[in-house]
Amino acid sequence: MARRRQLYEGKAKILFEGPEPGTLVQYFKDDATAGNGAKKGIITGKGVLNNRISEHLMLRLHDIGIPTHFIRRLNMREQLIREVEIIPLEVVVRNVAAGSLAKRLGIPEGTRLPRTIIEYYYKNDSLNDPMVSEEHITAFGWACTNDLDDMVTLTMRVNDFLSGLFVGIGITLVDFKLEFGRLWEGEDMRIVLADEISPDNCRLWDAKTSEKLDKDRFRRDLGRVEEAYQEVAWRLGILPEA
Ligand code: C5P
């Protein structure tokens with residue numbers, strides 16, 4: 001097969017030109033970074049697992065009517081996706097205090113939040129992805145009020161569904177990050193879920209022991225990183241053996 005043209009290389013993924021117009025190939029690397037690239041490493045097999053986990057979760061979300069950029073998985077490390085205009089925001093959803101929220105507000109990690117909290121971060125590496133408000137987002141034109149309404153509605157549906165799905169396999173969905181894009185079909189535009197959903201961008205804790213089954217094992221040097229990703233895939237039923 002002819003080599004595909006590389007369009008973009010991110011910290012954990014590479015985007016290539018797709019086989020048909022309006023499509024891209026998303027390649028999952030084993031590279032891991034934390035602190036916006038301050039810490040770098042390799043998690044062997046992570047790309048393969050995240051490709052499978054993200055495929056599984058995007059398909060389940062599609063089943064309940066959430067529009068996503070995912071078309072199909074191509075092989076161990078690649079999936080075919082629709083080309084979308086990425087909205088330069090990270091939408092973080094929090095059910096339980098952890099990470100930067102716990103630190104910023106002095107709330108002990110593991111405290112169940114009084115209600116789900118949504119935060120927005122402006123995607124900009126050179127600024128370290130600063131937290132922004134709806135005011136900034138609409139004033140600077142990163143998204144309009146309608147786009148934001150659609151993103152919040154989709155985000156809450158994703159959270160409800162994934163929280164339940166993970167409860168069913170003994171995992172607490174503590175928090176996670178979503179990205180959205182605009183999908184143009186002629187004159188029509190829809191907001192769709194983009195990027196990936198995997199232990200790289202979710203905090204997943206064992207419901208009984210609170211053991212971390214996500215990228216915090218890498219961020220905090222807890223060891224057994226690959227095993228944690230495998231455990232998530234296994235509990236989701238997408239690995240043949242334990
Ligand atoms: O670090 P923080 O507590 O703000 O992260 C909240 C959630 O968003 C975590 O699940 C983390 O994995 C995810 N996140 C991400 N990409 C970032 C920042 C956070 O996937 N750049």
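A compact table of results
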item	result
From the options ASN75, ASN50, residue that is under 30 Å from GLU227 (Cα atoms) and part of a loop (DSSP other than H, G, I, E, B)	ASN75
Among (1) assigned by TED's automatic domain parsing to the domain that holds ILE64; (2) of a type in the set (A, V, I, L, M); (3) within 21 Å of LEU193 (Cβ to Cβ) - the single one MET76 does not satisfy	(3)
Selection status of ARG104, surrounded by fewer than 12 Cβ atoms within 10 Å (Cβ to Cβ) and in a strand (DSSP E or B)	no
Residue satisfying all of: in segment 163-186; within 13 Å of the chain's Cα centre (by Cα) and aromatic (Phe, Trp, Tyr); nearest to the ligand (Cβ to nearest atom) among these	PHE176
Failed item in (1) within 15 Å of the chain's Cα centre (by Cα); (2) free of Cβ contacts under 8 Å to residues at least 40 places away in the same chain; (3) part of a strand (DSSP E or B), with MET189 passing the rest	(1)
Yes/no for ARG182 being surrounded by 20 or more Cβ atoms within 10 Å (Cβ to Cβ), touching an Asp or Glu at 6+ places or on another chain (Cβ under 8 Å), part of a strand (DSSP E or B) and not hydrophobic (A, V, I, L, M, F, W, C)	no
Criterion violated by THR33 - all others in (1) buried (at least 17 other Cβ atoms within 10 Å of the Cβ); (2) over 30 Å from ASN146 (Cβ atoms); (3) over 15 Å from the mean Cα position of the chain (by Cα) satisfied	(3)
Residue match in segment 189-196 (condition: closer than 20 Å to ASN159 by Cα, surrounded by fewer than 17 Cβ atoms within 10 Å (Cβ to Cβ) and not small (Gly, Ala, Ser))	yes
Matching residues in segment 194-227 - criterion: being away from the ligand (no atom under 14 Å from the Cβ) and touching a residue at least 40 places away in the same chain (Cβ under 8 Å)	ALA207, SER210, GLU226
Test: ARG60 is more than 15 Å from the ligand (Cβ to nearest atom), surrounded by fewer than 17 Cβ atoms within 10 Å (Cβ to Cβ) and part of a strand (DSSP E or B)	no
Flag for GLU55 being closer than 21 Å to SER163 by Cβ, under 16 Å from the mean Cα position of the chain (by Cα) and part of a strand (DSSP E or B)	no
First in segment 167-185 and in the same structural domain as ARG115 (by TED's automatic domain parsing), second anywhere and within 16 Å of the ligand (Cβ to nearest atom) and among the aromatic types (Phe, Trp, Tyr), Cβ under 6 Å, 6 or more apart	THR172/TRP205; LEU173/PHE166; VAL174/TRP205
Close pairs from segment 1-25: first under 18 Å from ARG82 (Cβ atoms), partner loosely packed, with under 12 Cβ neighbours inside 10 Å, Cβ under 6 Å, at least 6 apart	LEU15/TYR8; GLU17/ARG5
Looking only at segment 63-112, and only at residues there that are of a type in the set (Asp, Glu) and within 14 Å of the ligand (Cβ to nearest atom), the one that is farthest from LEU15 (Cα to Cα)	GLU109
Answer from THR116, THR209, THR155 - the residue that is part of a helix (DSSP H, G or I) and either over 22 Å from ALA32 (Cα atoms) or of a type in the set (Phe, Trp, Tyr) (or both)	THR155
ARG115, sole failed condition from (1) surrounded by fewer than 18 Cβ atoms within 10 Å (Cβ to Cβ); (2) under 29 Å from GLU17 (Cα atoms); (3) without any contact (Cβ under 8 Å) to a residue 60 or more places away in the chain	(2)
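The values are calculated or read from the model by the stated rules, or taken from the named source; none is laboratory data. On a predicted model such as this, the values are computed, not experimentally measured, just so you know. Here Cβ is always computed from backbone atoms with ideal geometry, including for glycine, and neighbour counts include all displayed protein chains.
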